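Q: A single structure is presented below for examination.
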Amino acid sequence: LYWIKDGRLVKAYPIAIGKAHTATPVGIWRIGNKYMTSPTSVYGPRKMRMYRQTSSGFVYTAYNIHGTNQEWVIGTMASHGCIRMYNRDVLEFYPQVPLGTMVQTRP
């Protein structure tokens, strides 16, 4: 995951993406909700909901950027399409991401 602000790379984070049969969709997204979750949950301590851009605006999806209670999967294709981060990284990243932040996923 590349965190880019004002056209500059702020930081790169290692992530896990979707498995081959549940790939992370390619698209343009907007962070529409942010949640504080239990550090022991499958989402780790933080979760950011991604809304997908369509021709009529942004729509709710089940896809998120979140931590994980399975940190050994970082660097692999392990999720059902979500973007997983180390818990320490999602805790650092989360407060920097305001609602409405744009996200681009690509192959």
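The values are calculated or read from the model by the stated rules, or taken from the named source; none is laboratory data. In this text the structure is predicted, and so the values were computed from the model without any measurement. A quick note on method: Cβ atoms are made from the backbone with ideal geometry, for glycine too, and the neighbour counts reach across all protein chains shown. Heads up: the accessible areas ignore ligands, DNA and RNA and are worked out on the full protein's heavy atoms, side chains in. Shrake-Rupley method; radii C 1.70, N 1.55, O 1.52, S 1.80 Å.
Q: Tell me the net charge near Ala62. Cut-off is 13 Å between Cβ atoms, Ala62 excluded, with +1 for each Lys or Arg and -1 for each Asp or Glu. Mind dumping the intermediate values first?
A: Working: positive: Lys47, Arg49, Arg52; negative: none.
With Lys, Arg at +1 and Asp, Glu at -1, the neighbours total +3.
Q: Turning to a different aspect of this structure: With θ taken as phi - 60° and the coefficients 6.51, -1.76 and 1.60, list the Karplus ³J(HN,Hα) couplings across the range 52-68 in order, rounded to whole Hz; mark glycine and proline as x.
A: 8, 6, 10, 5, 10, x, 10, 10, 4, 9, 8, 8, 9, 9, 7, x, 8
Q: Determine the percent antiparallel among the DSSP beta bridges restricted to the chain, to the nearest 5. Mind dumping the intermediate values first?
A: Details: 23 of 27 bridges.
About 85 percent, rounded to the nearest 5.
Q: Here's another thing I want to ask about it. Which net charge results when you count Lys and Arg as +1 and Asp and Glu as -1 among the other residues whose beta-carbon is under 15 Å from that of Arg88? Write out the running numbers ahead of the final one.
A: On the way: positive: Lys11, Arg46, Arg84; negative: Glu71, Asp89, Glu92.
Surrounding charge for Arg88 is 0.
Q: Heavy atoms only, probe 1.4 angstrom, no DNA, RNA or ligands counted: give me Asp6, Asp89 ranked by accessible area, highest first.
A: Per-residue accessible area, sorted high to low, gives Asp6, Asp89.
Q: Which whole-number percent gives the relative contact order of the chain, counting Cα pairs below 8 Å spaced six or more residues apart?
A: Working: 245 pairs, mean separation 35.8, N = 107.
Taking the mean separation of contacting Cα pairs over the length of the chain, I get 33 percent.
Q: The range 77-93 to the range 43-62: how many Å between their Cα centroids?
A: When both Cα centres are located, 15 Å separates them.
Q: Ordering Met77, Met36, Met85 by how much accessible area each has at a 1.4 Å probe, largest first, what is the list? Display every interim value, and only then the final one.
A: Values: Met77 110, Met36 145, Met85 0 Å².
Largest to smallest exposure gives the sequence Met36, Met77, Met85.
Q: Further, regarding this structure: If you take every DSSP beta bridge whose two residues both sit in the range 37-90, what share of them, in percent to the nearest 5, is antiparallel?
A: Numbers: 6 of 8 bridges.
Looking only at bridges with both residues in the range 37-90, the antiparallel portion is about 75 percent.
Q: A further question follows. Could you look at the chain and say what percent of its accessible area is carbon and sulfur, using a 1.4 Å probe and all protein chains?
A: Working: 3500 of 6250 Å².
About 56 percent, which is the carbon plus sulfur part of the accessible surface.
Q: Taking H placed 1.01 Å from N in the peptide plane, check which residues at least 5 places from Ile15 or on another chain put their amide H under 5 Å from its amide H.
A: Distant-sequence amide H within range of Ile15: Gly75.
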